[in-house]
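**Q** The structure follows.
The values are calculated or read from the model by the stated rules, or taken from the named source; none is laboratory data. No experiment lies behind these values; they were computed from the predicted model shown. Note: ideal-geometry Cβ built from the backbone for every residue, glycine included; neighbour counts use all protein chains shown.
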Ligand SMILES: [Zn+2]
């Protein structure tokens, strides 16, 4: 799968992810996409984004006892970091966007990746898009990002 046709994706190997404790294989095409937000500092370049991503993975695996970082993709302003092969949760993608009021560039990156996922058969054309709050007792992904989700839908 070459997502770099339409979006710039930094793979796990490129950002130096540690190996997951275990993994599952995504059943394709995925039926739903769940959007989270991640409270991070603004990162001015890819090196700063990667440093924060490593911090998130460490926090998830050490503090929360997850088997891996909890997202399939993480969108910074102009980058998508992640890899589709690692999947936590059945039959869905988990995205995180690095701000509760995301930049148009971050939203555009997520939208392009979703379109790419559909066009390559990894996402069902009729997939459902959720904010985390739709599925659990949480404010995530924040009011700003939750309101912006409608801009991620496409025909
Ligand atoms: Zn969340």
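**Q** Determine which single condition residue 101 fails, assuming it passes every other condition in (1) modelled with pLDDT under 85; (2) closer than 21 Å to residue 30 by Cβ; (3) within 16 Å of the ligand (Cβ to nearest atom).
**A** Evaluating residue 101 over (1) modelled with pLDDT under 85; (2) closer than 21 Å to residue 30 by Cβ; (3) within 16 Å of the ligand (Cβ to nearest atom) leaves (2) as the failure.
**Q** Quick check on my filter: what residues within the stretch 135-155 are within 16 Å of the ligand (Cβ to nearest atom) and in contact with a strand residue (DSSP E or B) (Cβ under 8 Å, 6 or more places away or on another chain)?
**A** 135, 140, 141, 142, 145, 146, 149, 152
**Q** Would you kindly identify the strands (runs of 3 or more DSSP E) lying entirely within the stretch 1-89 that contain at least 3 residues that are modelled with pLDDT of 85 or more and under 23 Å from residue 135 (Cβ atoms)?
**A** Output list reads 30-37.
**Q** Can you say whether residue 124 is away from the ligand (no atom under 11 Å from the Cβ), touching a strand residue (DSSP E or B) at 6+ places or on another chain (Cβ under 8 Å), assigned to a strand (DSSP E or B) and modelled with pLDDT of 80 or more, as far as the supplied structure shows?
**A** It is true that residue 124 is away from the ligand (no atom under 11 Å from the Cβ), touching a strand residue (DSSP E or B) at 6+ places or on another chain (Cβ under 8 Å), assigned to a strand (DSSP E or B) and modelled with pLDDT of 80 or more.
**Q** Does residue 114 meet the test of being assigned to a helix (DSSP H, G or I), touching a helix residue (DSSP H, G or I) at 6+ places or on another chain (Cβ under 7 Å) and buried (at least 19 other Cβ atoms within 10 Å of the Cβ)?
**A** yes
**Q** Take the stretch 127-155 and flag every residue that is part of a helix (DSSP H, G or I), more than 14 Å from the chain's Cα centre (by Cα) and modelled with pLDDT of 80 or more.
**A** Answer for the stretch 127-155, where residues must be part of a helix (DSSP H, G or I), more than 14 Å from the chain's Cα centre (by Cα) and modelled with pLDDT of 80 or more: 133, 134, 143, 144, 146, 147, 148, 150.
**Q** A further question on this structure: Scan the stretch 16-32 and give yes if some residue there is in contact (Cβ under 8 Å) with a residue 24 or more places away in the chain and within 16 Å of the ligand (Cβ to nearest atom), otherwise no.
**A** yes
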